1. About the Cα centre of the stretch 34-182, how large is the charge dipole given +1 on each Lys and Arg Cβ and -1 on each Asp and Glu Cβ? Please answer in debye to the nearest 20.
2. Shape call for the stretch 39-97 from the C-alpha gyration tensor, a ≥ b ≥ c root eigenvalues: rounded (a/c under 1.5), prolate (a/b greater than b/c) or oblate?
3. Can you bin every Cα-Cα distance in the stretch 121-217 into 10 Å intervals starting at zero and give me the percent of pairs per bin, rounded to whole numbers?
4. In straight Cα distance, which lysines are under 29 Å from Lys132, not counting same-chain residues fewer than 8 positions off?
5. Taking neighbour counts of Cβ atoms within 10 Å as a proxy for exposure, in what order, fewest first, do Ile105, Ile174 appear?
6. Can you tell me the orientation of helix 146-155 relative to the chain, as the angle in degrees between its alpha-carbon axis and the longest Cα principal axis, to the nearest 10?
7. Relative to 2.2 N^0.38 Å, what does the C-alpha radius of gyration of the chain come to as a ratio? Two decimals please.
8. Just for the chain, what percent of DSSP beta bridges are antiparallel, to the closest 5?
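Every number in this text was worked out from the coordinates using simple rules, so none of it is lab data. Please read all numbers here as calculations on a predicted model, not as lab measurements. FYI the Cβ positions are ideal-geometry reconstructions off the backbone, even for glycines, and counts take in every protein chain you see.
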Amino acid sequence: VSAAANDQAWETAYLRFESFEEETRKFRERLRRIGAAGWSRESRTVELFCGRGSGLSALGQLGFSRVSGIDLSLALLLRSRGAANLLAGDCRTLPYASESHEMAIVQGGLHHLARLPQDLDLTLSEARRILKPDGRFVAVEPWMSPFLRLAHALSQNRLLRRVWKKGDALAVMIENERETYERWLAAPELILERLRSVFRQEFCRVFLGKLYYVGRR
Ligand SMILES: C[S@@+](CC[C@H](N)C(=O)[O-])C[C@H]1O[C@@H](n2cnc3c(N)ncnc32)[C@H](O)[C@@H]1O
């Protein structure tokens, strides 16, 4: 199966996994959980790997007004709603000026990178470059935990998948991103070491199958 067919199958499953509104609510809760209430609403913020923009909507709902987003997929970007400035581009070479942002956020993008650690290093160093001194880097990514193991096991059950549409969509997404997803989940120490070597850690926690990481430049 070609990479393009995989991407197409992943995007279709991603769109039926949860609605735009459900995903926006989920992202809003996650941002609250890691302390977004205390972050300046004036912060110039970019959401990397912004996809269809539900993370951007969550930021808008929390009162952040100077927000932009970047993603490789034009098809997903075209589904975005709201006022954020959008760019189609590669997060490994960001088209923003150095020290131009107070905040860079990734929600579920880093684990899509094809090469680990090379692409992670490129992306983190680009995020650092565009951040102002003391700027904030936020990442929420899948992380191996008992909760994630259970979700994987349930979503592999064929009978359950027939009635549990969300579990079925999750299983199709995993099938089509298996290589990068599994490589990511198998390298927690390497990933934390890379994050901590680029940013000064402010917050780091695993909760319900996700790593919540906040660092400062
Ligand atoms: C799970 S989605 C992220 C969801 C997104 N945060 C949202 O709010 O809807 C992962 C995204 O990563 C994008 N992507 C993968 N590799 C990329 C790269 N090198 N640069 C930019 N975007 C990339 C995909 O197009 C996809 O939209």
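1. Numbers: 19 positive and 16 negative charges, 121 e Å.
Magnitude of the dipole: close to 580 debye.
2. Oblate is the answer for the stretch 39-97, as a/c is 1.5 or above yet b/c matches or exceeds a/b.
3. Spelled out per bin, shortest first, that is 15, 39, 27, 15, 4, 0.
4. Counting by Cα, and skipping residues close in sequence, Lys132 has these lysines nearby: Lys26, Lys210.
5. Ile174, Ile105
6. The angle comes out at about 40 degrees.
7. That works out to 0.98 for the chain.
8. 45 percent
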